[in-house]
Every structure is written in structure tokens, then in C-alpha cells.
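Reviewing the structure listed below.
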Amino acid sequence: MKFTNGTWDLKEGIKVFPATEVSKLSTLPALGDADTQNDNRSQALRALCTTRHIRQRGDTLNKPTITIELSSPGESGLTDVIELRAHHFKGKPALKESRFGRFPDFKGKVPSNIRPVNVMLRVSPGVKVDTSASTSASITCGTLSATLDTRPDSFNIDFSYLADSHKKVLTSVGFNSLM
């Protein structure tokens, strides 16, 4: 989809809301499906970002939010790989119970062809999530790290690596970069 006319001019009827600040921060445990091994991810950092500075409750009306997840792909994290996922209005999983009438002979018995899904929580030895700093949160995998600025009205993610005992910033995702 194309949202702009040229480089800077937005198409008519299109509104863009960039991430402005981190509203809520949480850590996610390492997660994997024991049967399929498809949705494996390491320990992760999740941030709910607002699209304007929140001074009062009324500032939350009529403005979208963006959810950001920083993790390392794979069950124990790939060395020096950090994945950034950003989404808005991610859907919830479908309800597990049926939305139609059941057979009269159901009587609460679970059909034999349904098997439970085993979900394992793992400790990711190569991935470290740090939320102890008051102005930032970070995730480190090998020598690569991503640092999320949590101060009000100052959205920024710095991707850096450790070389010769000092950090070098590779790139940044700053204000007006994530929409």
C-alpha cells in the first residue's frame, strides 16, 4: 500500500500517528509450542507506546497505540539477532468453545480426536532483559543490544553492539520513525 504522494506529502484521507512515548512496559517469558516448534521466541520485552504525550485521562481518547516486542528468534535466542515487531490492533485468538449448538449426546465428554497443546516456558540463556533502569529498558543477545527510552515524550530505540568493551550504536528508531 502506498500512503504518500511523493516522499513527504500524505495522500488525502490518510493520517499518520508516530509512537511518542512508552506508556506500559512488561517482560514476556520465553515461549514455545512443544508440538510444532513454530512460534518459538526467546525472553522478550513488550512496550505499549502512545501516539501523544499523556498528561491526563482525556489524552487517551481517539488516539491509537502501538505495541512493540523486542526478542531474539528461536527457543534460546539466536546469537546477535534482535527482532523488533510493531503492531496496532493485533487480533485476539478465536474462542475455544463452539458457537453453534452441540449434539444432544454430547454430555460434556471431550471427543477423542482433540488433543491438548503443550506450551513450555523456557529460560533463554543467551538473552537478557533489563528493566531496572528508571529511564530505559534493554534486551541483550550476545554482543547486540536494543535499548528503549522510557522517559515521557521521548520515544527512541538504540541498537548497539559491544566491541572492545565499549558500546557502539549501529542504528536508532527515533521519534517519527515508527508509525
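Quick note: the coordinates plus some simple rules give every number you see, no bench work behind them. Keep in mind that this is a model prediction, so the values were computed, not measured. Methodologically, a virtual Cβ is constructed for each residue, glycine included, from the backbone with ideal geometry; neighbour enumeration extends over all protein chains shown.
Peptides 52-58, 128-134 ordered by packing proxy, namely the average of other Cβ atoms within 10 Å per residue, highest first: 128-134, 52-58.
Quick one: length gained pulling ARG85 to GLN56 fully straight, 0.36 nm per residue minus the C-alpha distance? Spell out each step's value before the answer.
Details: separation 29, 0.36 × 29 = 10.44 nm, distance 2.81 nm.
This chain segment gains 7.6 nm when fully extended.
Averaged over residues, the count of other Cβ atoms within 10 Å places the peptides 8-15, 139-146 in the sequence 139-146, 8-15, highest first.
In the structure shown, do any of LYS2/LYS63; LYS24/LYS167; LYS24/LYS63; LYS24/LYS90 have a Cα-Cα gap over 20 Å, and if so which? Could you put the intermediate results ahead of the total?
Numbers: LYS2/LYS63 22 Å; LYS24/LYS167 27 Å; LYS24/LYS63 16 Å; LYS24/LYS90 17 Å.
Correct reply: LYS2/LYS63; LYS24/LYS167.
Sequentially through the stretch 5-21, phi angles give Karplus couplings (6.51, -1.76, 1.60; θ = phi - 60°) of 9, x, 8, 10, 7, 7, 5, 4, x, 9, 10, 10, 10, x, 5, 10, 7 Hz, Gly and Pro residues having no value and appearing as x.
Does the stretch 130-179 come out rounded, prolate or oblate, given a ≥ b ≥ c as the square roots of the eigenvalues of its C-alpha gyration tensor, rounded meaning a/c under 1.5 and, failing that, prolate meaning a/b above b/c? It comes out oblate by the Cα gyration axes.
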